[in-house]
Amino acid sequence: MKSFHTLLFLIVIVLVGGLGFMYWASSVDQAVQPIAEVAEVDQVEEVAEVDPGTYLVFESSLVSDPGTEARANDNTETYTYYRLWVDEIGTAQPQSFTEIVHPASVAGGLTAEVYGQGLLLHRYQDESQDAVLSLTGEILSTSDQNWDRFRSKNGRYEVTHTFGPDIADTDSATMRVEDLETGEVIERTYSFAEVALGWPGPHEISDDGKYVYFVQTCGCDGGPLTAAWEVNTATGEIIELHELFDSDGWRQNSFDLETKRFLVIASDSEQRENDMGPYSHPIAPALIRLIDTTSSVSTDLVLDDEQAWMSPWLDPEGDERYIVSSAAESYRQYLVKFTDDEITEQNYLTTGYIMDWVGDWIVTRDLETQKVITLVNVETSEQVVIELPADRFNYVGSVVID
């Protein structure tokens with residue numbers, strides 16, 4: 001019996017020693033890894049639960065199996081989706097909630113957009129299939145691909161619309177609005193005849209499902225037109241909001257769905273060498289006007305005879321302020337109050353292309369490198385750089401979970 005105890009004791013010693021050696025070897029191996037690789041692992045930590053709040057959603061892609069075609073149409077790519085709770089900006093990294101392998105057999109990349117309280121993925125596993133993805137990483141449903149569908153921010157109402165066979169002549173469409181809670185469906189055919197030149201967009205529906213909004217800021221035959229419509233889902237009535245603009249010169253606009261206000265900028269434009277379009281660069285003077293579509297009241301905020309302004313953003317929280325970009329210096333952004341009658345360097349906020357404004361944060365991209373997304377706090381000017389492991393990465397949008 002003593003021999004057996006001695007043998008058992010020796011076995012335990014060997015096992016403990018072996019485990020200790022494995023732990024030591026693992027620790028040494030981690031210690032000599034490049035720091036960037038260790039940080040990369042931390043950034044893609046899997047998470048499952050989603051607390052109520054507002055989330056910024058990012059997408060990254062890596063070529064996991066390169067194909068043989070020169071144009072990379074047959075690459076196999078792995079897409080990773082990340083979420084970052086707005087309240088944790090500056091204290092936490094974006095966390096991944098799913099990975100999706102995009103097969104080489106599907107031409108064109110996987111394309112994501114905000115869809116109510118989740119994401120709509122185009123070309124999911126098939127060239128003509130959509131999928132609805134939750135922020136927990138679950139594929140909730142799949143259906144035939146439709147690039148002209150969207151949901152209300154609260155996720156309750158779904159809108160699909162199909163334009164007529166010849167949009168250039170008719171500008172007509174069939175719109176279907178479904179209440180996903182009650183199952184009620186409304187279908188209507190409507191037209192933007194003799195007004196819209198091109199595809200109206202973006203598309204939004206109010207959280208109560210009563211109004212669908214179309215905004216169109218691209219045109220031809222004399223310059224870009226700004227056109228906007230409010231479609232009453234119950235009656236089918238269409239109100240042409242652009243009639244409040246008084247001018248075809250309102251080429252830049254920002255629309256606040258909650259307050260039903262437009263911030264518009266009127267200016268002339270000129271052709272510049274290497275510009276892609278004939279109306280791409282605004283020139284002074286510039287007039288910035290606030291238009292309340294409910295009361296039909298217009299308020300001129302700034303008249304600048306020296307400088308042109310572009311790319312307006314109304315504060316999404318309804319505060320009396322906005323952001324505009326300098327047309328003279330590429331993507332210098334200025335935060336301006338409604339009470340300011342001029343824009344000076346004291347209003348300067350940051351430099352970069354703005355992709356979104358969520359709460360106190362704007363999402364910007366460095367256009368020179370295309371590799372850096374920076375979050376800038378409009379109250380404190382704090383900047384948080386988002387870097388993800390990817391060949392390409394993008395900002396998808398903000399999602400509100402209630």
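The values are calculated or read from the model by the stated rules, or taken from the named source; none is laboratory data. Quantities reported herein were computed from a predicted structural model and do not represent experimental measurements. FYI the Cβ positions are ideal-geometry reconstructions off the backbone, even for glycines, and counts take in every protein chain you see.
Residue count for the stretch 218-264 under the criterion of being touching an Asp or Glu at 6+ places or on another chain (Cβ under 7 Å) and modelled with pLDDT under 80: the result is 2. Summed over the stretch 53-76, residues that are closer than 24 Å to Thr136 by Cβ and without any contact (Cβ under 8 Å) to a residue 60 or more places away in the chain total 1. With respect to the conditions (1) modelled with pLDDT under 80; (2) farther than 21 Å from Glu329 by Cβ, Glu273 falls short on a single one, namely (2).
Taking each residue of the stretch 306-335 that is of a type in the set (S, T, N, Q) and looking for partners that are at pLDDT 95 or above and surrounded by fewer than 18 Cβ atoms within 10 Å (Cβ to Cβ) with beta-carbon atoms closer than 6 Å, six or more apart or interchain, yields Ser326/Arg332. Quick check, is Val215 in contact with a strand residue (DSSP E or B) (Cβ under 9 Å, 6 or more places away or on another chain), at pLDDT below 80 and not in a strand (DSSP E or B)? Judged against the criteria, Val215 is not a match.
Only strands (runs of 3 or more DSSP E) whose full extent lies in the stretch 76-123 are considered here, and the ones with at least 3 residues that are more than 25 Å from Arg156 (Cα to Cα) are 76-85, 95-102.
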